[in-house]
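**Q** Before I ask anything, let me first share the structure, which is written out below as structure tokens.
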Amino acid sequence: MNTQILAGFRRLRDRMLCGDLPHCERAGSPGRSRGHRCICCDKTIQAGDLQYDVRLSNERIVPAHQHCYLAWREESLLLKDVAVTGGLR
Ligand SMILES: [Zn+2]
């Protein structure tokens, strides 16, 4: 894995920890972009490209690039594990 991808993972985690980015608690559904902005990297997902729609805990649906979604989902599950393990005695 190259350093750029690792930096991306770390940025996502930092943003989730400071509350800037919600956790990706449910699996997203893939579809075609209509030119919306990615919640993870804030860049436009080109119309026609693959995007993932993720339903947040507040029922809002947000779009993400496929690679952003995969990293976001991975980091969310990791953070959840840490929270669960940290809660045990
Ligand atoms: Zn993105």
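The values are calculated or read from the model by the stated rules, or taken from the named source; none is laboratory data. It should be emphasised that the depicted structure is a prediction, and the values quoted were computed from it without experimental measurement. No Cβ is skipped: glycine too gets one built from the backbone with ideal geometry, and neighbour counts run over all protein chains shown.
**Q** So which residues in segment 41-70 are within 14 Å of the chain's Cα centre (by Cα), of a type outside the set (A, V, I, L, M), assigned to a strand (DSSP E or B) and surrounded by fewer than 16 Cβ atoms within 10 Å (Cβ to Cβ)?
**A** Scanning segment 41-70 gives ASP53, ARG55.
**Q** To continue, here is another question. Check whether at least one residue in segment 20-28 is hydrophobic (A, V, I, L, M, F, W, C) and under 9 Å from the mean Cα position of the chain (by Cα), and report yes or no.
**A** yes
**Q** Among the residues of segment 1-46, write down those that are closer than 17 Å to LEU70 by Cβ and among the β-branched types (Val, Ile, Thr).
**A** The answer is ILE5, ILE39, ILE45.
**Q** Quick one: ARG89 ticks every box in (1) modelled with pLDDT under 95; (2) part of a helix (DSSP H, G or I) except a single one, so which number is it?
**A** (2)
**Q** So, in segment 9-40, how many residues would count as being of a type in the set (D, E, K, R) and either in a loop (DSSP other than H, G, I, E, B) or more than 19 Å from LEU78 (Cβ to Cβ) (or both)?
**A** So the answer is 6.
**Q** Quick one: THR44 ticks every box in (1) away from the ligand (no atom under 13 Å from the Cβ); (2) out of contact with any Phe, Trp or Tyr (no Cβ under 6 Å at 6 or more places or on another chain) bar one, so which box is it?
**A** (1)
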